[in-house]
Amino acid sequence: MGSQMHRRDVLAFGLASVSTAALRSLPASAQATYPDRPIRLVVPRAAGGVVDVVARLWAERAKPQLGGIVIENQGGGGGTIAATAVARSAGDGYTLLAGTTSELVINPVIMSQPSYDPIKDLVPISITAISVSSLMVHESVPARTLQELIAYARAIRARSPTARPAPARPRICAASCSRCSLACPISCTCRTKAPLPGWRISSAAISR
Amino acid sequence: MMTASISPPVLDMHRAGKIRILVAGTNRRLAGAPDIPVSTDVGFPDLITQQFMGLFAPAGTQKQIIEQIAGLTREIAADKDFQNKLVQAGFEPVTDSGPQATATYVHEELVRWTPLLKASGLRIN
């Protein structure tokens with residue numbers, strides 16, 4: 001009995017010293033008080049999409065430690081509405097943004113009048129997931145590798161000038177159809193009208 | 001040819017032979033499909049077409065709070081069930097992130113995309 005009590009005292013003392021040391025390293029304002037009310041996690045998309053799903057997966061697992069997390073879906077404007085709202089919120093730890101490449105990289109560059117600065121107005125915490133785009137062909141296309149596709153595209157161009165995109169205004173596709181280059185001999189069907197030249201791959205490899 | 005994000009339905013079509021994924025625009029093997037060639041495999045290491053999802057706070061948020069949430073997020077990211085759910089949703093898990101890594105990554109993406117976006121003339125109002 002006596003030895004048990006002794007062991008408990010030692011354990012209690014050990015825990016007390018650990019937590020005192022841990023607390024001492026924190027500034028007074030953050031000590032044990034954060035969070036003391038629900039955190040608002042702003043998702044820059046409508047509910048149900050993949051960004052929303054990832055945000056909710058994270059929130060579900062963060063709740064045991066952070067307490068209440070209220071998901072606020074603010075779609076629209078390609079995410080700029082949500083990002084602007086968070087950028088203008090108080091930096092008190094009670095507003096977070098489930099930000100993506102759209103809000104942090106693309107929109108601030110292409111907005112005619114940027115309503116926030118992704119570097120100055122937002123503080124990075126963590127990347128939680130990455131979505132990877134891929135280049136794919138229909139089964140009927142006789143190309144098993146990217147090199148074979150490039151060779152095939154060149155061969156088509158050589159045989160059939162009609163397969164060329166207009167030289168000055170190539171069919172270029174953004175997002176879902178990705179980024180062809182000006183020299184790309186493959187015409188894409190655009191879902192968006194936005195021309196987006198780039199993809200060094202095509203300019204480097206195909207234009208030769 | 002077309003591009004689309006790697007996700008279980010797309011992988012199913014690839015495995016069934018309906019489509020052929022020639023390259024995934026990343027330099028890391030995919031957690032859910034390690035057999036798919038990535039940009040370094042096909043000789044185009046600059047072919048990086050990935051989108052991230054992360055957590056950000058308004059400027060002025062205390063460093064201690066940022067670190068607290070980042071530490072918690074690392075714990076969550078290490079959970080296998082969380083990773084599997086991300087893969088099912090078409091995402092690649094990221095297990096080694098934090099404030100500095102995120103800042104670096106966003107910076108790299110801005111360097112990668114800004115010239116292309118400017119050259120494209122793409123604008124939103």
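The values are calculated or read from the model by the stated rules, or taken from the named source; none is laboratory data. Computed from a predicted model, the values in this text were never measured in an experiment. With ideal geometry, Cβ positions are generated from the backbone for all residues, glycine too; neighbour counts draw on all protein chains shown. These area figures cover heavy atoms from the full protein model, side chains too; ligands, DNA and RNA do not enter into them. Shrake-Rupley method; radii C 1.70, N 1.55, O 1.52, S 1.80 Å.
Under the condition of being more than 7 Å from chain A (Cβ to nearest Cβ) and touching a Leu at 6+ places or on another chain (Cβ under 9 Å), the residues counted in region B:42-57 number 1.
List every residue pair whose Cβ atoms sit under 9 Å apart, with the two residues 6 or more apart in sequence or on different chains, where the first one lies in region B:54-69 and is over 20 Å from A:Tyr116 (Cα atoms) and the second, anywhere, is part of a strand (DSSP E or B) and hydroxyl-bearing (Ser, Thr, Tyr). Qualifying pairs under 9 Å: B:Ile69/A:Ser126. Here B:Gln88 does not fit the description of being at the interface with another protein chain (Cβ under 7 Å from one of its Cβ atoms), of a type in the set (S, T, N, Q) and in contact with a helix residue (DSSP H, G or I) (Cβ under 7 Å, 6 or more places away or on another chain). Per the listing B:Thr104, B:Thr61, B:Thr95, B:Thr73, the residue uniquely closer than 21 Å to A:Leu66 by Cβ and more than 7 Å from chain A (Cβ to nearest Cβ) is B:Thr95. Right, B:Ala33: surrounded by 18 or more Cβ atoms within 10 Å (Cβ to Cβ), farther than 30 Å from A:Leu66 by Cα and more than 9 Å from chain A (Cβ to nearest Cβ) or not? So B:Ala33 passes the test.
Condition check ((1) within 7 Å of another protein chain (Cβ to nearest Cβ); (2) under 16 Å from the mean Cα position of the chain (by Cα); (3) within 25 Å of B:Leu86 (Cα to Cα); (4) open to solvent by 40 Å² or more (accessible area, probe 1.4 Å)) across all residues:
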site	(1), (2), (3), (4)
A:Asp36	no, no, no, yes
A:Val42	no, yes, yes, no
A:Trp58	yes, yes, yes, no
A:Val70	no, no, yes, yes
A:Gly78	yes, yes, yes, yes
A:Ser102	no, yes, yes, no
A:Pro114	no, no, no, yes
A:Asp121	yes, no, no, yes
A:Leu135	yes, no, yes, no
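Might you check whether a residue that is open to solvent by 70 Å² or more (accessible area, probe 1.4 Å) and at pLDDT 95 or above occurs anywhere in region B:52-65? Yes.
Residues that are facing chain A (nearest Cβ under 7 Å) and within 13 Å of the chain's Cα centre (by Cα) do occur in region B:108-118. Evaluated against (1) among the basic types (Lys, Arg); (2) free of Cβ contacts under 8 Å to residues at least 40 places away in the same chain; (3) closer than 22 Å to B:Leu30 by Cβ, B:Arg112 falls short on exactly one condition, (2).
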